[in-house]
Amino acid sequence: MPTFRSILVADDEPSIRHVLSLVLKEHGYEVRAVSDGEEAVRELAARSYDVLLCDVRMPKRDGLSVLRQAKAEHPGLTVLVMSAYGSQEQALEAVGAGAYDYVQKPFKPEEIVFVLRKAEERERLLRENRRLRTAAAPPPERILGESEGLKAVLRQVDRLAPVNTTVLITGESGTGKELIARALHERSARAANPFVAVNCGAIPAGLIESELFGHAKGAFTDARTAKQGLFSEADGGTLFLDEVGELPLPAQVKLLRVLQEGEIRPVGESRAERVDVRVIAATLRDLGKLVERGEFREDLYYRLNVVNLRMPPLRERREDIPLLTRAFIHRFNRQLNREPPIESLSPEAEALMAAYAWPGNVRELENAMERAVLLADGPQLLPSNLPERLWAAPQPAAGSPSVQQAGSDLSLKRAMRELEETYIRAALRRTRGNRTRAAEVLDISHRALLYKIKEYGIDPDAEAEKGS
């Protein structure tokens, strides 16, 4: 089976179209033949082809014009140009416009097959070269960006890493709070010891103390054996408490004792144990407002918030988008064994990405690039490869539209998403931002609610204020 699978033949002579179609099909190619330049351009837009075999003189549109548009819109397409009126100047013009080769009529059909085989070998070598370059390229750094906002954070990381000061990292979901916590650990004297991360909002309230501090055998019904807690696992290293604002009040009391005394008491144990752990916490909620509402201990807040590192959202560091985009494309080219690898974005795709607000921040950008690399046909990302939310007209999310309001937009999928978001916001207002109670009101799991809050970019504290 040839490397090239599909060939579009564009020639106004029926006999040549017929003979080439027969010969090429005999050699395993899928062939479509058209009679003029306009039809060739339409066919290239409608279907994906590996090769265009194009005559120079055709009705409606000449072959060189078709060649230039084809290479502009389909950079990975191999084009062979044919002509019975050839000259050296015309051949040079065709090759300069992007043609792989120039074939002069009359020719034997086998000559075309020979040229195609040479083009296939060239393409195979190019792919292998790209694969080797991709494999040899160094992996991207863990924290990427040249914006002043990110540089300011990294300067603070360098200053804080050598000391054991507790750090509170704040910022929206998807901004890279855990990456900053890891950087603090890896640049410290604790780097050779464990870095343990836990999402406080993902653990049921009844189990959080056991997870953090451990438990003795028989401490409760299912405690058949003693269990080491996460603080013990992180001894000598760093414990990262993500979404620390979700900790229930009893666990907050024990956490405060660890920070003050450097010791833990497993559930069911009478004796305390010493631990040497640096605590780094993160939250997307306003802990100060939780303190005002009596949902977070004030003394713990001040213990955690010795130094505050605010991660800027992606919309405040737009100059980092191209750098992050290239890094993600490079990564997914390798991970997805992309062939041919994505090499660039079209200007239109770049414009869409620059104009988009990225409410899900770097995580949303990463997911968008994984999808785009997976779906792209050629070596260039096009607007059609990007998620619909980037190029579709924005839809209101504040309320659920009626059918009369929807007009021509009768997308059931979009309407269901809007309705879901509306209910989540209403539940958070009713419960004054308490996610556990909001999950109960919505009749969904706490973890599912946290995921949907992040997916829709909802600020629970802002919704709580609206419900006050």
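Observations on the structure shown:
- Taking all protein chains together, E269, E348 sort by accessible area into E348, E269, largest first [probe 1.4 Å].
- Distance between the pseudo-spin-label points of E43 and L336 (7 Å out from Cα toward the beta carbon): 2.9 nm.
- Under 15 Å, Cβ to Cβ, from A84 - net charge with Lys/Arg +1 and Asp/Glu -1: -2
- Note on region 10-92: Cα convex hull, mean projected area over all directions, 5.4 nm².
- Where E211, E120 fall by accessible area, highest first, once all protein chains stay in place (1.4 Å): E211, E120
- Square roots of 5 times each gyration tensor eigenvalue, C-alpha, region 261-325, largest first, Å: 34, 18, 10
- Helical mean residue ellipticity (222 nm; -39500 (n - 2.57) per DSSP H run of 4+; nearest 500) of the chain: -14500 deg cm²/dmol
- Counting heavy atoms of the protein chains alone, K227 has an accessible area of about 80 Å² for a 1.4 Å probe.
- The H on the amide N of V307, modeled in the peptide plane, is under 5 Å from the matching H of L168, each at least 5 residues off or on a different chain.
- Once the Cβ-Cβ distance of Q260 and R389 is raised to the sixth power relative to R0 = 51 Å, the FRET efficiency obtained is 0.65.
- Its alpha carbons give the chain an Rg and a Dmax of 30.5, 98 Å.
- Nearest-10 value in Å² for the accessible area of V163, using the 1.4 Å probe: 60 Å²
- Comparing region 193-325 with the 2.2 N^0.38 Å rule of thumb, its C-alpha radius of gyration ratio is 1.19 (two decimals).
- Of all accessible heavy-atom area on the chain, the percent that carbon and sulfur account for (1.4 Å): 50 percent
- C-alpha center-to-center spacing [region 45-89, region 232-260] in angstrom: 66 Å
- In this simple spin-label model, placing a label point 7 Å from the Cα along the Cα-to-Cβ direction at both N199 and L125 gives a separation of 5.0 nm.
- Tail weight of P(r) past 15 Å, computed on alpha-carbon pairs of region 3-46, percent: 39 percent
- Each principal axis of the Cα cloud of region 53-113 was evaluated for its coordinate range; sorted largest first, these ranges are 30, 23, 21 Å.
- For K217, the lysines whose Cα falls under 30 Å of its own Cα, not counting residues fewer than eight places away in the same chain, are K227, K254.
- The accessible area of S384, taken with all protein chains in place and a 1.4 Å probe, comes to roughly 80 Å².
- Environment charge at S35 (Cβ cut-off 14 Å; Lys +1, Arg +1, Asp -1, Glu -1): -3
- The distance separating the Cα centre of region 340-395 from that of region 270-338 comes to 26 Å.
- Counting charges near D11 (Lys, Arg +1; Asp, Glu -1) among other residues having Cβ under 10 Å from its Cβ returns a value of -1.
- Between A226 and R310, the simple spin-label model (points 7 angstrom out along Cα→Cβ) gives 4.6 nm.
- Set K151/K466; K60/K108; K177/K466; K289/K454; K71/K118 screened for pairs whose C-alpha atoms are more than 24 Å apart: K151/K466; K60/K108; K177/K466
- Hz values of 3J(HN,Hα) by residue in region 352-362 - Karplus curve (6.51, -1.76, 1.60), Gly and Pro given as x: 4, 5, 5, 7, 6, 7, 6, x, x, 6, 4
- Accessible-area rank, largest first, for D320, D158, D101: D158, D101, D320, with all protein chains present and a 1.4 angstrom probe.
The values are calculated or read from the model by the stated rules, or taken from the named source; none is laboratory data. Everything numeric here is computed off the predicted structure, so don't read it as measured data. Because the Cβ atoms are built from the backbone with ideal geometry, glycine has one as well, and the counts that use them run over all protein chains shown. The protein model used for the area step is the full one, side chains on, heavy atoms only, and it has no ligands, DNA or RNA in it. Shrake-Rupley method; radii C 1.70, N 1.55, O 1.52, S 1.80 Å.
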